[in-house]
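Heads up: the structure comes next, in structure tokens.
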Amino acid sequence: MLDQLKQLQAEALSAFTAAKDTNDLEAARVAYLGRKGRLSEIMPQLASLSNDEKRLAGQTANEVKAAIEGAFIAAQARIESTVAGANAERAWIDMTLPGNRPSVGHTHLTTQAIADLTEIFAKLGFNRQRHPEVDWDYYAFEALNMPKEHPARDDWETFFVADPDGKDVQTGELGKVVLTPHTSNAQVREMKKGALPIRMINISKCYRRQISARHLPVFHQIEGLMIDGNVTITDLKGVIDHFVKNFFGPNTKTRLRPYHFRFTEPSFELDISCTVCNGEGSVQGTKCKLCKAGWLELGGAGMVHTNVLKAGGLDPKKYTGFAFGWGVERTAMMRGGLKLDDIRMMYKNDLRFLKQF
Ligand SMILES: [Zn+2]
């Protein structure tokens, strides 16, 4: 019987060593360690042996069983690690291959223009201030020398807030509430802060009842205001010139044309030399498509009207100042030398368009 056990051990060990996969392993386990396996077959023979023989054979049988079980566990570990290795091989990542680059966006061209405007004026000491986009019509009109019944107020196509007339808690003025149709409400609000001299810009959204290829119901304007003891048109010209050269390019020229606004006197329209034809009016003999005879309209400007200074609580004998303003979207387009057939393109979120800027 001892020989049989030794023989069985040798056969079992070689079977487990030869097992290549989980099927081989299971077959060997059933054949040698199973309930009807070879080891179980031998065990009943113990009963027929004498007591001394039984002790020795029993001890040997236990050793053989332990050896076979050890071989099974070793084979099992070997096969599992082979399978894991094969899986790892399939899932292997080549770290040297180029990755998938996440697409990175950029700010909208209006946002870019706002950042540039803010930076350029900051260098001249004009700080960006925040004033309400929902305001009393007093600041949008009356304080700017446009009395209640003045026809100029019809020009603005203003949105009124659906609210009864109210009273401004600060000024006690009666009036309606409007979505600001321009950024000029900042003028008197800034003066009323009482901190002089004033050098400020106000960039914010404006709202008008208009929508067409040339007009947006919501757009941005910049308002500039400088007030001090002896501010003149020369200062206005210098500030505008500084802005134009820094924003549109060092060769851009500026022109002031007499005009009429209610809140400035004298008033001007601001033109700049065309960014496409460099003020020539034509490109290689062909009439420039962007400008009128070499000039582009930028915006409006002028010396602050004495009535507006008074509304701001300032003495027109002591203080003078200038104001200017224009649309941010239009400015951004002009810088790119672009003439959009439809300005609404700017806010259609079409990446094919926006990626170009
Ligand atoms: Zn031109």
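Taking the options D3, D94, D52, D21, name whichever one is touching a helix residue (DSSP H, G or I) at 6+ places or on another chain (Cβ under 7 Å) and either of a type in the set (D, E, K, R) or modelled with pLDDT of 90 or more (or both). Before the answer, list the steps.
Values: D3 fails: touching a helix residue (DSSP H, G or I) at 6+ places or on another chain (Cβ under 7 Å); D94 fails: touching a helix residue (DSSP H, G or I) at 6+ places or on another chain (Cβ under 7 Å); D52 fails: touching a helix residue (DSSP H, G or I) at 6+ places or on another chain (Cβ under 7 Å).
Within the list D3, D94, D52, D21, the selection yields D21.
Among A84, A113, which is the only one that is modelled with pLDDT under 90 and in a helix (DSSP H, G or I)?
Numbers: A113 fails: modelled with pLDDT under 90.
Answer to the selection: A84.
Considering only the stretch 263-274, I want to know if a residue exists there that is aromatic (F, W, Y), over 27 Å from the mean Cα position of the chain (by Cα) and closer than 30 Å to D154 by Cβ. Yes, because at least one residue in the stretch 263-274 is aromatic (F, W, Y), over 27 Å from the mean Cα position of the chain (by Cα) and closer than 30 Å to D154 by Cβ. Residues that are more than 16 Å from the ligand (Cβ to nearest atom) and free of Cβ contacts under 8 Å to residues at least 60 places away in the same chain number at least 1 in the following strands (runs of 3 or more DSSP E) confined to the stretch 228-336: 254-261, 264-273, 295-304.
Can you find a residue in the stretch 226-240 that is more than 30 Å from G194 (Cα to Cα) and exposed (fewer than 15 other Cβ atoms within 10 Å of the Cβ)? Steps first, answer last, please.
Step one: list which residues in the stretch 226-240 are more than 30 Å from G194 (Cα to Cα), which gives none.
Within the stretch 226-240, not a single residue is more than 30 Å from G194 (Cα to Cα) and exposed (fewer than 15 other Cβ atoms within 10 Å of the Cβ).
The values are calculated or read from the model by the stated rules, or taken from the named source; none is laboratory data. Note that the coordinates shown come from a computational prediction; the quantities given were computed from them, not determined experimentally. All Cβ positions, even for glycine, are placed from backbone atoms using ideal geometry, and neighbour counts span all protein chains on display.
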